[in-house]
Amino acid sequence: ETAVFQTPNYHVTQVGNEVSFNCKQTLGHDTMYWYKQDSKKLLKIMFSYNNKQLIVNETVPRRFSPQSSDKAHLNLRIKSVEPEDSAVYLCASSRMGGGANEQYFGPGTRLTVL
Amino acid sequence: QQNVQQSPESLIVPEGARTSLNCTFSDSASQYFWWYRQHSGKAPKALMSIFSNGEKEEGRFTIHLNKASLHFSLHIRDSQPSDSALYLCAVRITGNTRKLIFGLGTTLQVQP
């Protein structure tokens, strides 16, 4: 049963365009994450929010910017996409405690940059 | 910087076989160790976790942790075709960032 929802499922765009992805969780968790899964299936954390506060901000290009309106929603905006941004972007949530608590993943948004 | 490595990269086993997947990590102070499973085109889903040295069994799955050897493993008894998936190990790094570092994964194919 899905409890972490992501939109859109797929997005195809051209180099230089801006894209936005949305994530919502209905589990009542207070921590949410954005991961990037590349073509080699490597899952790498990009950002993490706890109660709307940014707690993890990995070394990602400045064109990536997360936004959290409340603890159930986390969005990701990419300004001026590049070909290397093509990947699956996965949203996840967990209870506070991070690694001690299971992270629940959404189905992902597959981005293709032409 | 935590380094998480998985072996083998891929594995093909017959139905009913016992399967072993391995994960090594570099930070001896790591605390939480996870296995996630991702079926093709689906979201990763937590399979099992272990937080202290030893073994933990849940159904056909057993996880084993040896912190001194910087190694943990997942064993699948009586492998089924439905077990065919990408298996990702993950380790939580020390500190208060609560980050999980994932390995590159092992692709398992169980042949009927």
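Values quoted throughout were computed directly from the atomic coordinates according to the rules given, and no laboratory measurement underlies them. Here the structure is a predicted model, which is why all the values come from computation and not from measurement. In this analysis, Cβ positions are derived from the backbone assuming ideal geometry, glycine residues included, and neighbour counts consider all displayed protein chains.
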Practice task
Name the cysteines of the protein assembly as shown that stand alone by the Cβ rule: no other cysteine Cβ under 4.7 angstrom.
Solution key: none
Fill in the blank from the handout: Each residue of B:38-45 has, on average, a number of other protein chain C-beta atoms within 10 Å of its C-beta equal to 5
Fill in the blank from the handout: Expected max-MSF residue from A:A100, A:A72, A:A92 in the GNM of chain A (alpha carbon, under 10 Å) is A:A100
Completion exercise
Net charge near B:L104 (other residues with Cβ under 13 Å of its Cβ; Lys, Arg +1; Asp, Glu -1) is +1
Exercise for the section: For B:E55 paired with A:Q67, estimate the spin-label separation in nm (one decimal), with each label point 7 Å from Cα along the Cα-to-Cβ line. Expected result: 5.2
Practice task
Return the Rg/Rh value of region A:9-69, two decimal places, where both radii are evaluated on C-alpha atoms and Rh is the Kirkwood radius.
Solution key: 0.97
Completion exercise
With +1 on the Cβ of every Lys and Arg and -1 on the Cβ of every Asp and Glu, the dipole magnitude of the protein assembly as shown about its Cα centre, in debye rounded to the nearest 20, is 400
Practice task
Counting only C-alpha contacts under 8 Å and six or more residues apart, can you give the relative contact order of region B:72-112 as a whole percent?
Solution key: 45
Completion exercise
Between B:S10 and B:D78, the FRET efficiency computed from the C-beta separation at R0 = 25 Å comes out, to the nearest 0.05, as 0.80
Practice task
Using the structure shown, select from A:K71/B:K42; A:K24/A:K71; A:K40/B:K45; A:K71/B:K99; A:K44/B:K45; A:K41/B:K99 the pairs with a Cα to Cα distance greater than 20 angstrom.
Solution key: A:K71/B:K42
Exercise for the section: For an R0 of 25 angstrom, estimate the FRET efficiency from the Cβ-Cβ distance between A:R77 and B:K45 and round to the nearest 0.05. Expected result: 0.40
Practice task
Counting only C-alpha contacts under 8 Å and six or more residues apart, can you give the relative contact order of chain B as a whole percent?
Solution key: 37
Fill in the blank from the handout: Summing +1 per Lys or Arg and -1 per Asp or Glu among the other residues with Cβ less than 12 Å from A:E58's Cβ gives +3
Handout entry: Alpha-carbon Rg/Rh ratio, for the protein assembly as shown, with Rh computed the Kirkwood way
Key = 0.97
Problem - Cα-only radius of gyration and Dmax that characterise region B:49-112, units Å - result: 13.5, 45
Handout entry: Sorted by Cβ neighbour density within 10 Å, fewest at the top, the residues A:K40, B:K56
Key = A:K40, B:K56
Exercise for the section: Read phi for every residue in region A:100-114 and hand back ³J(HN,Hα) as whole Hz from Karplus 6.51 cos²θ - 1.76 cosθ + 1.60, θ = phi - 60°, with x for Gly and Pro. Expected result: 7, 10, 4, 9, 9, 9, x, x, x, 10, 8, 9, 10, 10, 8
Practice task
Quick one: order B:K67, A:K36 by neighbouring beta-carbon count within 10 Å, fewest to most.
Solution key: B:K67, A:K36
Problem - Rg/Rh (Cα only; Kirkwood hydrodynamic radius) as it applies to region A:21-103 - result: 0.95
Practice task
Provide B:Y32, A:Y89, A:Y33 in ascending order of the number of other Cβ atoms located within 10 Å of each residue's Cβ, fewest first.
Solution key: B:Y32, A:Y89, A:Y33
Problem - Contact order relative to length of chain A, as percent, for alpha carbon pairs under 8 angstrom and 6 or more apart - result: 37
Handout entry: Interchain or long-range residues, amide H under 5 Å from B:I93's placed H
Key = B:K99, B:I101
Handout entry: Karplus-derived 3J(HN,Hα), 6.51/-1.76/1.60, for each residue of region A:83-93, Hz, glycine and proline x
Key = x, 6, 7, 4, 4, 9, 9, 10, 9, 9, 9
Completion exercise
Largest fluctuation, B:S49, B:S79, B:S40 only, Gaussian network model of chain B with Cα springs under 10 angstrom, belongs to B:S40
Handout entry: GluC sites (Glu not before Pro) within region A:1-67, DSSP loop, no more than 10 other Cβ atoms inside 10 Å
Key = A:E1
Handout entry: Label point distance in nm, A:R110-A:V60, each placed 7 Å from Cα along Cα→Cβ
Key = 2.0
Practice task
Would you work out the charge dipole size for region A:1-107 about its Cα centre, treating the Cβ of every Lys and Arg as +1 and the Cβ of every Asp and Glu as -1, and quote it to the nearest 20 debye?
Solution key: 140
Exercise for the section: With just the Cα atoms of chain B, tell me how far they stretch along each of the three principal axes, in Å, largest first. Expected result: 44, 29, 20
Problem - Segment A:N51-A:T7, length gained on full extension (0.36 nm per residue, minus Cα span) - result: 13.7 nm
